[in-house]
Every structure is written in C-alpha cells, then in structure tokens.
1. Quote the FRET efficiency, to the nearest 0.05, computed for Ala72 versus Ala331 with a Förster distance R0 of 41 Å and r equal to the Cβ-Cβ distance.
2. Using the Kyte-Doolittle scale, find the helices of the chain whose mean hydropathy is at least -1.0 and whose Cα atoms extend 15 Å or more along the helix's long axis, counting only whole DSSP H runs.
3. First compute the accessible area of the range 313-376 with a 1.4 Å probe, then give the percent of it belonging to carbon and sulfur atoms.
4. Put Asp287, Asp208, Asp278 in order of accessible area, largest first, 1.4 Å probe: what do you get?
5. So in the chain, what percent of DSSP beta bridges are antiparallel if you round to the nearest 5?
6. Could you give the length gained by full extension between Ser324 and Gln371, i.e. 0.36 nm per residue of separation minus their alpha carbon distance, to one decimal place?
7. Just for the Cα atoms in the range 107-254, what are the lengths along the principal axes, largest first, rounded to whole Å?
8. Could you pull out every residue, at least 5 positions away or on a different chain, whose amide H is within less than 5 Å of the one on Leu277? Hs are placed 1.01 Å off N in the peptide plane, and Pro or chain starts have none.
Amino acid sequence: MEAADVIIIGSGQGGVPLAKDFAEEGRRVVLFERDALGGSCVNYGCTPSKAFLAAAHAVGRARHAKELGVHAHINVDFPAVMDRVRGVRDSFNQGTQKRLHDAGVRVVCAEASFVGDRTVTGGNITVQAPLVVINTGTSSKIPKIPGLAGTPYLTNRNFFDLKQLPPRLLVIGGGYIGLELGQGLARLGSETHLIVKGDRVLNHEEPDVSEVLAEALKRDNINIHFNVETKKVTYIDNVFTLTLDNGQELQAEAMLVVIGREPNTSALNVSASSVELDAKGFVKIDDQFRTTCNGVYAIGDVANQPAFTHVSWEDYRRLKAILSGENRTRADRVLGYAVYTEPQVGRVGMTIEDAKKKGINARCVTLPVSQIARAIEWGHDLGFYRMVVDNDNDKILGATLVGYETAELVHVFLSLMEAGATWQLLEQSVHIHPTYGEGLPSLARLLLGDNIPSCPNR
C-alpha cells in the first residue's frame, strides 16, 4: 500500500484544479480517472456540444435570414463539422493532461474503488490518504425499454463520434441536452422527432419558457410528440423503429436517448469507507461537502449539485477555502445556468413561484423581446426578459431571459444579485442603444409604473 497526501477520484472541472493546486503546494497527489481526462465537460459535454452548435446555429441563422430578405444556399459538410468538433475536444483534453503533468500530479488511468477508510485501489495500486475527494460526475440514464439494449443508440457520450449526418433522428427526452443536440442536427439537415413524456419541453422551467422553445423548434421543422412514451424499440437494416404507447410508429437511422443523468457511484464501493449514498445513488454531503466519512469529500454533480461545469469549478474553490479554514458553504454564491438552443435560455435565482413557496413577498415583471429595438431590427421576435424582486427590500431575487444570446446577458443579474443590489440600480443604469442589453433597464423600469404587466399564469 502506498501513502499520499490527497486522493482525487475523477478528473472533472473540480477535481483537476484541486489536484493541480495541492500538487503545486508540495503535496503528494494521486488522481484516479477511468475515462478520458477532463471529465464530461471537455470530452462529451460543454466543449464538443458548443463547438457542434457553432456550426448548427450558423446554418439556422442563414436559413432564417430569408425573413430579412437574404436567401442563402447552404451546403453542410457534416464530416468536416464533426472533425472540427473532435479537434477542439482533443485540444482541450491534451491541455488537461499537460496541466496535471506539469503540476506533478500522479495520474492513474483506472477505475477506482474504496477498500477501506480513505483507502482507494485501482490500476494495480492501493493508496491511502487523509484527504479524499470524489468528483466522478454523472452518466446518461438509460431507460429499460424493450429492445433498446444492444442497439447502436446515441447518448451525449458517443454523439460526437458521428461521421455522417443521419437522414432522420429520433430523440427520446425533452430536456436541455435533447433540445440542444436535436435542434443542432435538425439545423444541419436531419429530419428530427422529439418524443416527450410530458406535455412540454424543458419542463423544469416556467411554462412560457417551454412554449417559446417549442415554437422555435417547430420553426426548424422539428416534430414534437407530447404525452407519449416509447414502448418498444427495434433495429433492423440500420433503421430504428419506435413504437409509442399511442400506437404510432416512428423510424430513423439514428436515435438519441437523453432522459436524464445518474451518478457514477456504482463502482466506487463507498461503503468500504463509510461513505453513504442517497436513495438515487448520489453521495450524501453536508453544506461543506463533507461525506459521512471523516476526511472524504464530494463535489460536483456526483453529490447532486447542479450538473454544470461552472458549479463544479466553484465547488473546487469553496472546498479549497473550507480546507484552509474559511467559513464557506455550497450555497454561498449566486449560481446561474443557460440552455444553448436558439433562442437561448439564461436563468439565475428564483422564479416567482419559487419565491412564493418560500413565503417571500415578491413580484415580477416581464418584457417581450419583440419590444426591444435591437430584436426588431435583427428579426428576433421569440422570447422575453423576466425579473423577480422582493417587495420588502427591493432586492433582485431572480431572472429568466429567453432570447438571442441571453446566456451572456444573464451575467448582469448574476453580478447584481451577488452584490445584493436592488432593482433600482438596474433601472438607473444607462445601457447602450441599440443592444439586447438595453432591454434590461427597460425591464426594471416596468416596476416604476402603476400598471405593471403581470407574469403569465401567475
């Protein structure tokens, strides 16, 4: 058995900087990774998906330019698109390898499991350390549909290995991964069908967010099948056939399964180190990332934190501060997220329903993007900006932005909320005309009037 100062299991966006920092401080760090270095973000998440969407949305914008009087002839070189995606992915992966190597981290390319308290084995070595950090992330949840097992279905794990554009695509799932990749392939030329179990896409968002995205997808000629489930899958002569519970059958050359995520904990044997899991298999942690075993911590989505790279990276900063004696917690920062469809969704903080459930005296205002000069000039009519404020202290509680590049705009609210600012500060701001950002003070100014537009369905 070997001794180390720190063991890190998983090389995601929290584990890598932790390993690097500890190693550069002179500690002996061993990092276990069973897959490609960099975790899901670098290899089959953020990096390849956004490189892929760069091409897809360029095509979509060119097609929709006909509304501006511009008629484009578009020729998609799909193999070249995917070669570029994989090239970007590989360069990021190599950068991760170099960071760890230069810092002096010992990387063990093997699946790790606990064999005792703070004792981990993998790749024919067993290591014990006083500090262990679990950063193993999540994987695609696969439904138990008859006939699915053994077929060459896609998940976000192997989607970016596509070499040829499938003429037809079936997407099982209506979450953000399914919408992003489904819209992407549709824009590049695949006839696309979304199979959605419920009555709306992106059902964790407010209903009118779902309505806007559904309309946008239909404008890209995507077929959405609501309130249906897949009862059977067959795969014959390179064609998938899905039998739905309403009796309908759909066929396509490719099928993407994206119904959710599940934690990568099954191989860890965490009970050997007295680490407990919750009912869904996520690692149980307290507000300072401690597991039920002294000296073992967990960060990122394996601990049921929001499944976003920036959250995992912020977990790294928090945990490092906690280990240095600072009084940090996993809820002491304002965190947002985005969905990279077109239009985009930028989200931060509470919705009006969230606020009311917490007993907060709150109100919200909504501004359609069709009332923003830049959106009119550029031909963008889908979407809205929404802000939720506390009536008792005027502080901003949250925002929902749906529209062109709202993943960028939402950072205005992130910063204001981190500073504890009131809506009056935004209202008093003079934003440049004509920009999409100009709509944010306009949104706040709705709170000045007596006839404040109410939030839909509120």
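1. Efficiency, rounded to the nearest 0.05: 0.30.
2. The answer, listed by residue number, is 46-64, 78-103, 176-188, 207-219, 309-323, 406-418.
3. That fraction is 46 percent.
4. Asp287, Asp278, Asp208
5. So the antiparallel bridges in the chain amount to around 60 percent.
6. Contour length minus the Cα-Cα distance gives 12.0 nm.
7. Sorted from largest, the Cα extents of the range 107-254 read 55, 41, 29 Å.
8. Result for Leu277 returns Lys284.
The values are calculated or read from the model by the stated rules, or taken from the named source; none is laboratory data. Quick caveat, the model's predicted, so the values are computed rather than measured. Every residue, glycine among them, receives a Cβ derived from its backbone with ideal geometry; neighbour counts consider all protein chains shown. Quick note on the areas: whole protein, heavy atoms, side chains included, nothing else; ligands and nucleic acids left out. Shrake-Rupley method; radii C 1.70, N 1.55, O 1.52, S 1.80 Å.
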